[in-house]
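A.B. asks: Below you'll find the structure I mean.
The values are calculated or read from the model by the stated rules, or taken from the named source; none is laboratory data. Nothing here was measured: the structure is a model prediction, and the numbers come from that model. Note: ideal-geometry Cβ built from the backbone for every residue, glycine included; neighbour counts use all protein chains shown.
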Amino acid sequence: MKVVILAGGFGTRISEESQFKPKPMVDLGGMPILLHIMKLYSHYGFNEFVICAGYKQHVIKEYFADYFLHTSDITYDFTEGKNDMIVHRNNSERWKVTVVDTGLNTMTGGRVKRIKEFVGNEPFFLTYGDGVSNVDISKLLEFHRSHGKLVTMSAYNAGQRFGVLDIDESGRINEFREKTKGDGNLINIGFMVCQPEFIDYIEGDDTILEKAPLERAAAEQQLMAYKHEGFWQCMDTVREKEQLEKMWAAGNAPWKVWD
């Protein structure tokens, strides 16, 4: 299965960093937060990624173009008047990464629509490129396969500003909508599994994933919630970045499930 990561937004709430690079490329613990997310999936054996790029998409492409070089010990030998390069040791992940320019102003749903050819007719993972978690990807996929619906999204208990999920006892999502003052705290944190047919719910570039497509799936009882009770944190602001950096530096990063 392929892992689709939304990485094309402007990141305006963390503009101190995103004025130079896309938000998923902002460093956390010495590497882009995008790699933290990829390493989570890779830990569970999923190593094919489709990155939905947009704003400053060249930064993502250039990073992976040099990824092998940056993770290797190398000798450059010019003694014979040639430019010989000897690789002694390489620590790069065994990944296949497709970076797609999905447009500068394309909405989240439109970005998914644009990568349809790269996921084909198979189920795929879908998540955001700005949040870290220790979601058990194997259990998430097992749950998705158990109910046979179009979409599973991970739900998390956090008193913040995100879309609200009305979930029944079986885990079925009856309604997906924006948060109001009277709501509880279960929110959509991404880490979704989608059947390929879900892409047909997306009209075009102007479609926001969290609006019409997911609302329609909920109305048709095709949207299920996998309740995550571990760790999750987005990196929307400099303050949130600093909090995550402190956890990483202290060796207390719950999302680091890989060796």
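A.B. asks: Limited to region 94-132, what total is found for residues that are among the aromatic types (Phe, Trp, Tyr) and assigned to a strand (DSSP E or B)?
C.D. replies: Looking only at that region, the number is 3.
A.B. asks: Related question: Just to be sure I understand the filter: pairs with C-beta atoms under 9 Å, separated by 6 or more residues or on different chains, first member in region 237-249 and touching a residue at least 12 places away in the same chain (Cβ under 8 Å), second member crowded, with 16+ Cβ neighbours inside 10 Å and among the acidic types (Asp, Glu). Which pairs pass?
C.D. replies: Pairs that qualify, where the first residue is touching a residue at least 12 places away in the same chain (Cβ under 8 Å) and the partner is crowded, with 16+ Cβ neighbours inside 10 Å and among the acidic types (Asp, Glu), are Val238/Glu17; Lys241/Glu17.
A.B. asks: For region 132-170, what are the residues that are more than 22 Å from Arg216 (Cα to Cα), modelled with pLDDT under 95 and of a type outside the set (A, V, I, L, M, F, W, C)?
C.D. replies: Hits for region 132-170 are Asn157, Gly159, Gln160.
A.B. asks: Restricting the search to region 35-90, which residues are in contact (Cβ under 8 Å) with a residue 12 or more places away in the chain, of a type in the set (Asp, Glu) and over 27 Å from Met192 (Cβ atoms)?
C.D. replies: Answer for region 35-90, where residues must be in contact (Cβ under 8 Å) with a residue 12 or more places away in the chain, of a type in the set (Asp, Glu) and over 27 Å from Met192 (Cβ atoms): just Asp73.
A.B. asks: Return only the number of the condition from (1) touching a His at 6+ places or on another chain (Cβ under 9 Å); (2) within 26 Å of Ile33 (Cα to Cα); (3) in a strand (DSSP E or B) that Thr75 does not satisfy.
C.D. replies: It is condition (2) that Thr75 fails.
A.B. asks: Consider Phe78 carefully, then state whether it is surrounded by 13 or more Cβ atoms within 10 Å (Cβ to Cβ) and aromatic (Phe, Trp, Tyr).
C.D. replies: no
A.B. asks: For region 133-155, which positions are assigned to a loop (DSSP other than H, G, I, E, B) and basic (Lys, Arg)?
C.D. replies: Answer for region 133-155, where residues must be assigned to a loop (DSSP other than H, G, I, E, B) and basic (Lys, Arg): just Lys149.
A.B. asks: Next question. Looking at Lys23, Lys61, Lys39, which is the one that is crowded, with 19+ Cβ neighbours inside 10 Å, within 21 Å of the chain's Cα centre (by Cα) and charged (D, E, K, R)?
C.D. replies: Result of the check over Lys23, Lys61, Lys39: Lys23.
A.B. asks: Given (1) in contact with a Leu (Cβ under 8 Å, 6 or more places away or on another chain); (2) part of a strand (DSSP E or B), identify the lone condition not met by Leu214.
C.D. replies: Of the numbered conditions (1) in contact with a Leu (Cβ under 8 Å, 6 or more places away or on another chain); (2) part of a strand (DSSP E or B), the odd one out for Leu214 is (2).
A.B. asks: Same structure again: Of these, Gly109, Gly103, Gly120, which one is surrounded by 14 or more Cβ atoms within 10 Å (Cβ to Cβ), farther than 29 Å from Pro254 by Cα and in contact with a Pro (Cβ under 8 Å, 6 or more places away or on another chain)?
C.D. replies: Unique residue meeting the criteria: Gly109.
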